[in-house]
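Single-structure report; data block below.
Derivation of every value follows stated rules applied to the coordinates shown; laboratory data play no part. In this text the structure is predicted, and so the values were computed from the model without any measurement. FYI the Cβ positions are ideal-geometry reconstructions off the backbone, even for glycines, and counts take in every protein chain you see.
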Amino acid sequence: MKRYLTSATIILMVLSACLTVFGQDADFETQQRWQSLSEQERQAFRIWLRERYGARDRGRDTEQQLKMLEAEIEKLKAERGQFMVELTVIRELAKKDGAIKTIEGIEYLISKYQQAFEDKLQILQQRLQRLQKSYEQRVIRNAEAVKPTRKAPDFTLKTFDDKTVSLSSYKGKVVVLEWFNLECPFSRYHYDKANTMVDLANKYKNKKVVWLAINSTSHTTPEQNLDFAREHSLPFPILDDRSGKVGRAYRARTTPHIFIIDRNGYIAYDGAIDDSPLGRKKNGVMNYVDEALAELTTGKPVGLPKIEPYGCSVKYER
């Protein structure tokens with residue numbers, strides 16, 4: 001009677017362990033039910049899901065899916081290890097009690113669930129490989145989709161303190177061109193109140209990013225620009241484009257108007273500095289230039305390559 005109770009206890013322990021680790025067998029049942037549906041029934045089910053839960057952004061959460069799948073694989077391996085340890089302990093107990101039939105049953109369970117584990121692990125690893133491949137292909141497609149196509153016009157300009165600056169001398173670096181007018185309140189806001197331009201130039205100066213301000217205002221004077229640069233301790237030069245030649249080549253329309261040139265010499269970003277003219281937004285300000293520079297300096301394509309600029313019109317020479 002004692003041996004019978006011992007065997008029954010051992011079997012219950014084995015079943016409990018099996019249910020803990022391999023409760024995921026319900027997944028196999030779900031798969032079987034899915035396989036039994038016709039293509040029409042499957043499509044109807046997909047439509048119902050979209051209507052109930054909304055369309056899914058396939059690209060947005062791919063990285064999270066990869067992390068979750070990797071964690072699931074590691075969890076399965078850990079549970080398998082613990083499960084095998086528990087079965088081994090139970091088998092040793094059965095040996096001591098001489099429960100031959102129970103030992104044979106445990107050996108069978110070990111073999112069975114070892115195979116189930118290998119099958120489950122293989123399925124997860126195959127899913128991981130497919131997801132990784134899909135993610136890599138999507139990254140490549142996205143990069144191609146937003147690949148800059150407009151070559152940045154080369155130029156040579158003088159600073160207002162008579163130094164020569166050529167775009168070609170910054171080959172291999174990211175270059176920010178900021179169209180600037182010290183008389184424009186939209187430009188001045190980013191120096192007098194927000195300090196946006198100086199902060200961004202300093203933030204990225206050690207990441208091979210060059211910042212150049214360009215003044216295409218036809219009636220501006222060297223003295224005005226030099227005084228402004230000293231007053232605001234500018235870490236970058238203001239270039240003299242009073243002729244408007246460079247501004248027109250780039251199609252600069254407003255002050256500020258930002259162009260970011262990538263390391264290959266293409267215009268990667270063209271547009272506004274942010275989405276808050278004169279600081280009208282108090283919270284949740286989107287700095288498009290900061291975002292673009294963060295992407296470019298980490299080898300990523302610019303997600304928003306063109307944004308409508310705001311500000312004063314460029315005061316070109318007529």
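For Arg150, the residues whose amide H sits under 5 Å from its own are Ile267, ignoring neighbours fewer than 5 places away on the same chain, with H placed 1.01 Å from N. Phi angles across the range 241-250 convert, under the Karplus curve 6.51 cos²θ - 1.76 cosθ + 1.60 with θ = phi - 60°, into 3J(HN,Hα) values of 10, 4, 6, x, 4, 6, x, 5, 4, 8 Hz, Gly and Pro given as x. Against the compact-protein benchmark of 2.2 N^0.38 Å, the Cα-based radius of gyration of the range 108-237 scales to 1.92. Taking each of Lys67/Lys171; Lys163/Lys300; Lys158/Lys193; Lys120/Lys300; Lys67/Lys95; Lys208/Lys306 in turn, the alpha-carbon distance tops 32 angstrom for Lys67/Lys171; Lys163/Lys300; Lys120/Lys300; Lys67/Lys95. Put a dot 7 Å past the Cα of Tyr108, heading toward its Cβ, do the same for Ala78, and the two dots end up 3.3 nm apart.
If you take the square roots of the eigenvalues of the alpha-carbon gyration tensor of the range 158-215 and sort them as a ≥ b ≥ c, do you get rounded (a/c under 1.5), prolate (a/b over b/c) or oblate? It is oblate, given that a/c is not under 1.5 and a/b is not larger than b/c. Rounded to the nearest whole Hz, the Karplus-based 3J(HN,Hα) values (6.51 cos²θ - 1.76 cosθ + 1.60, θ = phi - 60°) of the range 225-233 follow the sequence 5, 5, 4, 4, 4, 5, 4, 9, 6, with x at glycine and proline. The mean of 1/r over all distinct Cα pairs in the range 156-313, once inverted, gives the Kirkwood hydrodynamic radius of 15.6 Å. Where both bridge residues fall in the range 156-313, DSSP classifies roughly 60% of the beta bridges as antiparallel. Taking other residues whose beta carbon is less than 10 angstrom from the beta carbon of His190, and scoring Lys, Arg as +1 and Asp, Glu as -1, yields -2.
Segment Asp161..Gln224, full-extension length gain: 21.5 nm, with 0.36 nm per residue of separation and the alpha-carbon distance subtracted. Amide H to amide H, with H built 1.01 Å from N, Trp211 comes under 5 Å of Val176, counting only residues 5 or more places away or on other chains. Normalised by the residues of the range 156-313, what does the relative contact order come to in percent, with Cα pairs under 8 Å and at least six apart? Over the range 156-313, the number comes to 27 percent. Residues whose amide H lies under 5 Å from that of Lys306, counting only those 5 or more places away or on a different chain, are Asp270; hydrogens are built 1.01 Å from N in the peptide plane. At full extension, Gln125 and Arg280 could sit 50.8 nm farther apart than now, given 0.36 nm per residue minus the alpha carbon distance.
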